[in-house]
Amino acid sequence: MAATFNCFVTGTDTEIGKTMISTALLHALVQQGVRAAAIKSVAAGATPIQTSEGQVWHNDDADALAQAANVVLPRELATPYLLNEACAPHVSAELQGVAIDIAHIKSCYAQVREMADAVVVEGVGGFRVPLSDHADTADLAQELALPVIMVVGLRLGCLNHALLTADAIAARGLKLVGWVANTVDAAMPFAEDNVEALRARLSAPLLGCVPRLSAPLPAAAASYLDFSCLPNWPQA
Ligand SMILES: Nc1ncnc2c1ncn2[C@@H]1O[C@H](COP(=O)(O)OP(=O)(O)OP(=O)(O)O)[C@@H](O)[C@H]1O
Ligand SMILES: [Mg+2]
């Protein structure tokens, strides 16, 4: 049977906690006793690691997601595009002579859906990051037609970024099913007021506020989040 809980995790920017919140989601799904899988749709930034089978290219996000999931996927499904250079995905792809094709990511997702009860797909950067001359991550999310979870990196400027992202998600006919306030800048003044400002303006539920963690591990982040309001969230 195909996975019943699926989501696309986007964020207000790059480096604001999408992977950490995705691993928290996966941790919670595994706790619920379901087979949880993760896809890093486009990974830009890889390092070679020497193994007994030769050199293997690794991406930190893909590794963190795989570690938090309990379904072991072939690398080519878990990371449909693994690009070496850590830069804008369309630039990284061009440097490598690769054309990012959303249909390929969609096909990987369709296969993973058959292998798990729940699939978490992490986007790349923010919601409108270009993937090629013709497409960006909003097109990817639209093609996958998944409910969207938005991670808001709490720092000055996040209100504008979060509201624009929510508008862009709605403009694609997608449903924002929940959002997370993640503390990127522990020294941000009036952080709670910012969360309240978003709570008042976003119709989707706030899944929780994650403080700055000394060890940003999936279980620690998950302890601040309540995913039970998400559509099709598995019941233990
Ligand atoms: N609440 C937090 N407390 C402590 N560290 C955090 C927290 N949130 C994120 N981090 C750390 O910040 C860094 C960026 O987070 P993360 O990799 O999840 O961001 P991202 O949005 O997925 O980035 P990218 O755009 O590269 O995919 C990571 O090292 C992560 O462990
Ligand atoms: Mg990430």
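The values are calculated or read from the model by the stated rules, or taken from the named source; none is laboratory data. Model, not experiment: these values are computed from the prediction. Note: ideal-geometry Cβ built from the backbone for every residue, glycine included; neighbour counts use all protein chains shown. To get the accessible areas, we keep the full protein, side chains included, count just its heavy atoms, and leave off ligands, DNA and RNA. Shrake-Rupley method; radii C 1.70, N 1.55, O 1.52, S 1.80 Å.
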Can you compute 3J(HN,Hα) from phi for each residue in segment 68-84, using the Karplus curve 6.51 cos²θ - 1.76 cosθ + 1.60 with θ = phi - 60°, rounded to whole Hz and x for Gly and Pro? 7, 7, 10, 9, 8, 10, x, 4, 6, 8, 5, 9, x, 10, 10, 9, 6
In segment 107-147, which GluC sites (Glu not before Pro) fall in coil by DSSP and have 14 or fewer other Cβ atoms within 10 Å? GLU114
Let's test this: bin the Cα-Cα distances of segment 127-170 at 5 Å from zero up to the farthest pair and state each bin's percent. 5, 21, 28, 22, 15, 7, 1
Amide H neighbours of TYR81 under 5 Å, at least 5 residues apart or on other chains, H built in the peptide plane: list them. ALA43
Within a Cβ distance under 13 Å of ILE105, other residues only, what is the Lys/Arg minus Asp/Glu net charge? -3
Tell me the net charge near PHE127. Cut-off is 13 Å between Cβ atoms, PHE127 excluded, with +1 for each Lys or Arg and -1 for each Asp or Glu. -2
Once you list every other residue whose beta carbon is under 13 Å from the beta carbon of LEU202, what net charge do they have if Lys and Arg are +1 and Asp and Glu are -1? +1
Please report the accessible area of ARG113 (heavy atoms, 1.4 Å probe, ligands and nucleic acids excluded) in Å², nearest 10. 80
Kindly express, to the nearest 10 degrees and within the range 0 to 90, the angle between helix 18-31's C-alpha long axis and the longest C-alpha principal axis of the chain. 90
Kindly give the semi-axes, whole Å and largest first, of the ellipsoid equivalent to segment 5-222, taking each as the square root of 5 times a Cα gyration tensor eigenvalue. 26, 20, 18
